[in-house]
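Reading through the structure tokens given below for one structure.
The values are calculated or read from the model by the stated rules, or taken from the named source; none is laboratory data. This structure is a prediction, so every number in the text was calculated from the model and none was measured. All Cβ positions, glycine included, derive from the backbone under ideal geometry; neighbour counts span all protein chains shown. Just the protein is used for accessible areas: all its heavy atoms, side chains included, with ligands, DNA and RNA removed. Shrake-Rupley method; radii C 1.70, N 1.55, O 1.52, S 1.80 Å.
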Amino acid sequence: MAEIGSDISKARTVLQNGGLVAIPTETVYGLAASALDLDAVALIFSTKNRPSFDPLIVHVENITEAKKYAVNWAEKALVLAKEFWPGPLTLLLEKRDSISDLVTSGMQKVAIRVPNQKLTLDLLHVLDFPLVAPSANPFGYVSPTSPTHVNDQLGDKIPYILNGGNCEIGLESTIVGFDTTDEPTIYRLGGLSVEEIESVIGKVNLTPHSSSNPQAPGMLKSHYSPSVSILLGNVKTNLKKFINKNDIGIISFNSRFENLPEKNQLKLAPDNHLNTAAKNLFSALRYMDTLKIRTLLIEEVPDYGLGKAINDRLRRAATR
Ligand code: TXA
Ligand code: MG
């Protein structure tokens, strides 16, 4: 198992020597390596079992640092960065030569963000290189939102997990890119809502959900768990389809169901708030994976604000 602690100089030493460190962010935990050390970057792909056509996000301390790795910023990109960094926003920008094709999977654009997490910002401050960090989970599984989640799945492969406790937001960052005329498009719904983005730069395009097209960022479908099948829809209706309810799990927004063991049902938001649901979502899926259930019934949450990103993740988890 990995060591879990909050020693920044220890994390720095591992990273300087080409090793991997799991880092906390406000969205999810990342599996970090020096973005400028190609062996370390390659180690991320093999550790996660991630296909090399799925590019990595570069994490930096602030806008000034970001400008060292990306050029020709659209005006709206800069507006968003100033408004929302540090925060759950990733920008797709034209890369400089210092960013390797291995990081971007050969694409001309690099994904960059400034995470809003004290320990990780302190770490970035003492490093003289940026960090690439995909979510710290094996490829295809949901993202980790606590050090324990990381340790459970990658603990035997990495030396150190920087402990920032539970992630504040619980959903990955929202990815925004710009076309040749600088028009903004959201490529992945995430911890920064569409409404918040539009309140600052006006209408943005949304890439359609679906397809496992690796060219479309954030669009790879997740399979979640090989042993649990997910039925997404009205839980009350779907529950009637099962005579034996003992191997059923339920994740609801905020409802309780009769005739089902208490331990087999979870509410995402006992307080009815979407940000609570976001925070609990991935832990809830992980919890259900530890039960001996065959079917997981889940209902979508209200489809606005963070709810859009939550529903997106639920649909992906339900995909086979
Ligand atoms: O909140 C987050 O973004 C977390 C934390 C750790 O920062 N990171 C994260 O990384 O979710 P990852 O690798 O699990 O997801 C990054 C997504 C992938 O779907 C990838 O395809 C897309 O970003 N992406 C990265 N670089 C890209 C690029 N140059 N062009 C297009 N898409 C890119
Ligand atoms: Mg991921």
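Of the residues T174, T148, T185, the single one that is of a type in the set (S, T, N, Q) and crowded, with 22+ Cβ neighbours inside 10 Å is T174. If the condition is being assigned to a loop (DSSP other than H, G, I, E, B) and in contact with a Gly (Cβ under 9 Å, 6 or more places away or on another chain), then segment 86-102 contributes G87, P88. Within segment 123-135, residues that are more than 11 Å from R113 (Cβ to Cβ) and assigned to a loop (DSSP other than H, G, I, E, B) have Cβ atoms under 6 Å from residues that are among the aliphatic types (A, V, I, L, M) and modelled with pLDDT of 95 or more in these pairs: F129/L36; P134/L31; P134/L56, counting only partners at least 6 apart in sequence or on another chain. Listed by position, the strands (runs of 3 or more DSSP E) enclosed by segment 1-58 that each have at least 1 residues that are within 13 Å of ligand 2 (Cβ to nearest atom), touching a residue at least 40 places away in the same chain (Cβ under 8 Å) and touching a Lys or Arg at 6+ places or on another chain (Cβ under 7 Å) are 30-34.
Restrict the check to segment 12-24 and report whether at least one residue is surrounded by 15 or more Cβ atoms within 10 Å (Cβ to Cβ), of a type outside the set (A, V, I, L, M), within 15 Å of ligand 1 (Cβ to nearest atom) and modelled with pLDDT of 95 or more. Among the residues of segment 12-24, at least one is surrounded by 15 or more Cβ atoms within 10 Å (Cβ to Cβ), of a type outside the set (A, V, I, L, M), within 15 Å of ligand 1 (Cβ to nearest atom) and modelled with pLDDT of 95 or more, which makes the answer yes. Taking the numbered list (1) open to solvent by less than 20 Å² (accessible area, probe 1.4 Å); (2) in contact with a Phe, Trp or Tyr (Cβ under 9 Å, 6 or more places away or on another chain); (3) in a loop (DSSP other than H, G, I, E, B) in turn, I158 passes all entries but (2).
The residue of segment 57-85 that is nearest to S193 (Cα to Cα), among those that are in contact with an Asp or Glu (Cβ under 9 Å, 6 or more places away or on another chain) and open to solvent by 60 Å² or more (accessible area, probe 1.4 Å), is E83.
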